[in-house]
Amino acid sequence: MQRLWWHDAVIYHVYPRSFLDTDGDGVGDLPGVRRRLPYLARLGVDALWLSPFFASPMADFGYDVRDHTAVDPLFGDLDDFDELLDAAHGHGLRVLIDYVPNHTSDQHRWFQDSRADPHGPRRDWYVWRDPAPGGAPPNNWITLFGDSAWTWDDATRQYYLHSFLPSMPDLDWRNPAVQDAMFDVARFWLDRGVDGFRVDCAPLIAKDPALRDNPPSAAGSSAHHRSMGGFDDQIHLHDQGHPDLHPRYRDVRALLDSYGKPGDRVALGEVHEYDWPAWSRYFGRDLDELHLPINFGLLGVTWQPQAIGGTIRAILDAVPAGATVTWVMGSHDDPRVASRVGPSQAANAMLLLLTLPGTAILYNGDELGMPDAAVPPDRIRDPWGLRTPALSRDHARSPMPWSSHSDSPSAGFTPTGVEPWLPITIPPGGTVQAQEADRTSPLSFTRDLLALRRTTAALRRGTIAFLDAPDGVLAYTRSDGSEADLLITLNLTDLPVPIDRLLSQRPPRERLLSTARTADAGRGADPTVLAPGEGVVWSAETRGQTDRQDG
Ligand code: NOJ
């Protein structure tokens, strides 16, 4: 099979609001991303994905798009985007952007037209319905916030559908004009040279045509999705994931393939589906739909070897032959991985993310070991959090702390004297500047790991096999035939663990890379002991070496 760039890429997820503010409004911007491209190139990632920077009233920080083909002035303008894209390509970095097909802002021209005239040509670009008898909403669908997904429009005496905030009405993809218009949006950005899209809420663009009620769920149907109220009390059978989405994603794939060589442009898909066989349908039966449906399995997993190994195996078992699996450990929507697994395991989480087969998405700041930010109630900015404090995602969005100068309380995120939109959090390992100078920092570790991945075929494309290991240790090999069986061991406990049985080959394996960056890591003199919390990539045991030794 021909190898394409995204088959084993590391995609760095930039949340532009929080990356670097160059114009002094307290919010990051596109020129800020451009200025930090050398940082990303040095880190050793292959691509970046930018969360939305489109014109928006910012009711959901850009996921509520007012104009798909304009840059919001907060982030710069189209020239800034073109310059960023060119410069990224100059550094050998691909650029993916967010694509939000399910909804727009209520301030989008399309919705304003739709709302204004019940008989106008854009009415049926969105989902309008008469009330149920007695005036109730047309069905029982609800948002993540636990309230009805329908809002009454008094002027035109109908309800409209919104899967998220009332100010984010859902488009109706059953209307071919909507698909045409959204494909024009995709062409606009592909023509500018983007390398692909991350499709927001991919399952949502096909819903039950009859808008039937969702059935109740005893156990909670989406255990990993953070939500409030009754969202998890329904099985989301009819408000997403209708089989009609397959022809739509086949069309998306064909559109992408019409640019450059087929397979050059790629679609990542946000797919919050935890039933892995159902999740795997997003690849398409002939692998002709989304290239890279993201699996969120590692975000909710219990940090324990059996649970992690079981989740990874279940996902890999569901991946169709020839497809590429995509892993994430963090996002702008979820608690930070360093806080989920704890500071002493954060490097292991990075090691796991970057040594699994396939593609990985690295969320900005996770390379620094960034923990959840403490955001006082009066500094909450996430509209979800302002509505429902428990749903706030601000803790995962704190600005990148670039420099350590005492004259920059914003750690170089904003120009001096400008207050950042969210409070600055300095991770335990320090700012980027401090971590660059420290061989033991999370940043140095991530960089070394990315370099090892780049130069080691087995890590990039080898098969994976899990091994029996002592309690508390996750162990697996990666092998690509020629460069056989690299071993990875993660000590998920805070005690030293001997793993001599796993290492009893000739010649003995050596540590190629360890999360324990200091000589005194707490393992004592025995190299076959894993230090507390230590993760290691061990050198390969190849037949060639053994033969040489024997001879
Ligand atoms: C998923 C995005 O990641 C999230 O930030 C956003 O609020 C929703 N989709 C709605 O677009």
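Work out which GluC sites (Glu not before Pro) in the chain are exposed loop sites (DSSP not H, G, I, E or B, at most 16 other Cβ within 10 Å) and give the longest gap free of them.
Values: sites that count: Glu483, Glu510.
Value returned for the longest uninterrupted segment is 1-482.
Amide H of Thr359 versus every other amide H placed in the peptide plane: which residues, excluding those fewer than 5 positions away on the same chain, fall under 5 Å?
Answer set, sorted by chain and number: Val325, Thr326, Trp327.
With no solvent and one equal point scatterer per Cα, compute the Debye intensity ratio I(q)/I(0) for region 463-539 at 0.21, 0.22 Å⁻¹ and report its log10, rounded to two decimals.
Taking Cα atoms of region 463-539 as identical point scatterers yields -0.91, -0.99.
What angle do you read, to the nearest 10 degrees and between 0 and 90, between the alpha-carbon axis of helix 176-192 and the longest principal axis of the chain?
Around 50 degrees separate the two axes.
Quick one: which residues, 5+ away or cross-chain, put their amide H under 5 Å from the amide H of Ala516? H built at 1.01 Å from N.
Residues meeting the criterion, in which the H sits 1.01 Å from N, are Gly535.
So what's the angle, to the nearest 10 degrees on a 0 to 90 scale, between helix 78-90 and the longest Cα principal axis of the chain?
20
Given the convex hull of the Cα atoms of the chain, what is a quarter of its surface area in nm²? Could the numbers behind the result be given before it?
Values: hull surface 106.0 nm².
If you wrap the Cα atoms of the chain in a convex hull and average its projections, you get 26.5 nm².
Could you give me the ³J(HN,Hα) list for region 244-253, computed from phi with Karplus coefficients 6.51, -1.76, 1.60 and θ = phi - 60°, whole Hz, x at Gly and Pro?
4, 6, 4, x, 5, 6, 5, 5, 4, 4
Compute the length gained on full extension between Glu419 and Arg313: take 0.36 nm times their separation in residues and subtract their Cα-Cα distance, giving the result in nm to one decimal.
On the way: separation 106, 0.36 × 106 = 38.16 nm, distance 4.56 nm.
Between Glu419 and Arg313, full extension yields an extra 33.6 nm.
Nearest-5 percent of antiparallel DSSP beta bridges in the chain? Let's see the in-between values first.
Values: 31 of 59 bridges.
If I count the DSSP bridges inside the chain, around 55 percent turn out antiparallel.
Spelling out what I want: for every residue of region 422-435, take phi, set θ = phi - 60°, compute 6.51 cos²θ - 1.76 cosθ + 1.60 (Karplus), and round to whole Hz; glycine and proline get x.
The phi angles translate into 10, x, 7, 10, 9, x, x, x, x, 6, 4, 4, 5, 6 Hz.
Mind listing the long-range amide H neighbours of Gly269? Cut-off is under 5 Å, sequence gap 5 or more, other chains count too, H placed in the peptide plane at 1.01 Å from N.
So Gly269 has HN proximity to Val199, Leu292, Ile294.
Quick one: compute the contact order of the chain, relative version, from alpha carbon pairs under 8 angstrom and 6+ residues apart, as a percent. Each step should come with its number before you reach the end.
Working: 1155 pairs, mean separation 64.9, N = 551.
Across the chain, relative contact order equals 12 percent.
Determine the gain in length on full extension of the stretch Leu386-Arg109; use 0.36 nm per residue of separation and subtract their C-alpha separation, reporting nm with one decimal. List each step's numbers first, then the result.
Values: separation 277, 0.36 × 277 = 99.72 nm, distance 2.65 nm.
Between Leu386 and Arg109, full extension yields 97.1 nm more.
Calculated from DSSP H runs of 4 or more alone, at -39500 (n - 2.57) each and per residue, what is the 222 nm mean residue ellipticity of the chain, nearest 500?
Values: 15 runs with 134 residues, N = 551.
Result for the chain, helices only: -7000 deg cm²/dmol.
Using 0.36 nm per residue, how much length does the chain from Glu83 to Ser217 gain when fully extended, once their Cα-Cα distance is taken away? Let's see the in-between values first.
Details: separation 134, 0.36 × 134 = 48.24 nm, distance 4.92 nm.
That pair, Glu83 and Ser217, stretches by 43.3 nm at full extension.
Just so you know, all these numbers are worked out from the coordinates, no wet-lab data involved. All values reported here derive from a predicted model rather than from experimental measurement. Positions of Cβ are backbone-derived with ideal geometry, glycine not excepted, and every protein chain shown enters the neighbour counts.
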